[in-house]
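First up is the structure itself, then whatever we jot down about it.
Readers should treat all values here as calculations from the given coordinates under stated rules, not as data from a laboratory. This is a predicted model, so every value here is computed, not measured. Here the Cβ positions follow ideal geometry from the backbone for every residue, glycine too, while neighbour counts run over all protein chains shown.
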Amino acid sequence: MQGQQPTAIHPLRGIRVIEMGQNIAGPYASEILATLGADVVKVERPGTGDDARGWGPPFWRETATTFQAMNHGKRSIVLDLKSPEHVRWLRDYATEADVFVQNMRPGALAELGLGPDVLCAANPRLVYCSLSAFGHKGPKHLSPGYEPIVQAYAGLFSVNGAQDGPPARVGMQVLDLGSGVWAALGCIAALFQRASTQRGCVVDTSLFETALGWLQVLLAGFQATGEQPARHRSGNPNVVVFQALPTADGEVLVAAANDRLFAKLARIVGREAWTQDPRYASNALRVQHKAELLAELHTLFRQRSSAVWIDALEQAGIPCSPVQDFEQVMAQPQTQALGIFQTIPGLGLDIVGLPVSFDGHRPPVNSRAPELGEHTQELCKGLR
């Protein structure tokens, strides 16, 4: 970043957050708050701390990169929740906090007297945020669950993968990270409400609810038709042409998503007659005759390289993209221009910053993830 940063770069400056989180969802929620300027104190168990510290390889300076990416900008203290003194200290500390974020085993904190009823009674201004696998009520509300379990349970597997292959999981933590975003957004909305009511509230979200939210378009279609959506490795069941096509040296994603763009595509591939073909006269008809249209397009696209097709498609104004791996993504001028990769100070590890800017400036990564219990003596003076 160049030049002086505007004060709005840290809109949550002065907000005090306690995080009792582990793995990804809870830590990501509080990391968002930390990067936006909140003071986040992460409470960890003695000895091993957050399980994600050991989720490697890969490791960076003997700590898993997963932990480094999800916990920068925080302070860490170690508390033994089997000790009544430590639990009492945390309960007292929460009376001065603004936000409490937790994704511990369902019911565990309530058993310790650290549930929302107790902490919010002692601190009515507290925003208490819980992230769980299946939600805060219902027959599975106490069930634990990790990302792939909830992806399978929620139906994400059923719509992911190739049409002629088995159902597959989404290849990244779409529910953990998505739940973290919803939790952070919920906390910020609750803080905004608190400014007028002077009272906090309880914010609940879960991986299962996030999954259903991501599936809302497909579920609306299912409600209307009763039909399970077909899987499409790169395409769209409702739009043709809208998918990856094989080239001489790779694949190109082509989005000729309306009649005007389809006519341009027909001219590029030397099939102007398609614009008069009754099979392809509208998107609905192209969906109906998708198999035969794609068979011809596959044959034509295999005759040229990805670069040649990208150049022709872009000149015609047809949205398109090569199918890229991480190395290619990192090398793209667009990626570099956004400045979204930031180096963690004192650590030398590049991570993705928040995908949001304020007055043209992205909130910076201010500090590395804490060592286990690094700030215990600083914050827990007198605690044995």
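Listed values, structure above:
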{"read-out": "FRET efficiency, Ile340 to Leu379 (Cβ-Cβ, R0 35 Å, nearest 0.05)", "value": "0.65"}
{"read-out": "For the chain, built as a Gaussian network whose Cα springs stay under 10 Å, the top-fluctuating residue of Leu354, Leu294, Leu114", "value": "Leu294"}
{"read-out": "Relative contact order of the chain, pairs being alpha-carbon contacts under 8 Å that are 6 or more residues apart, as %", "value": "18 percent"}
{"read-out": "For peptides 106-112, 129-135, sequence by mean Cβ density within 10 Å, most packed first", "value": "129-135, 106-112"}
{"read-out": "The stretch 145-195-the stretch 101-136 distance, computed between alpha-carbon centres (Å)", "value": "21 Å"}
{"read-out": "Cβ crowding within 10 Å averaged over residues, with 94-100, 155-161 ranked highest first", "value": "94-100, 155-161"}
{"read-out": "Mean Cβ count within 10 Å, highest first, over the residues of peptides 28-41, 280-293, 334-347", "value": "28-41, 280-293, 334-347"}
{"read-out": "For the chain, share of DSSP beta bridges that run antiparallel, in % to the nearest 5", "value": "40 percent"}
{"read-out": "Loop trypsin sites (Lys or Arg not before Pro), the stretch 22-105, which have at most 13 other Cβ atoms in a 10 Å radius of their Cβ (DSSP)", "value": "Arg61, Lys82"}
{"read-out": "In sequence order, calculated HN-Hα J values of the stretch 218-235 (Karplus, 6.51, -1.76, 1.60; Hz; x Gly/Pro)", "value": "5, 5, 5, x, 5, 4, 7, 10, x, 9, 5, x, 6, 7, 9, 4, 9, x"}
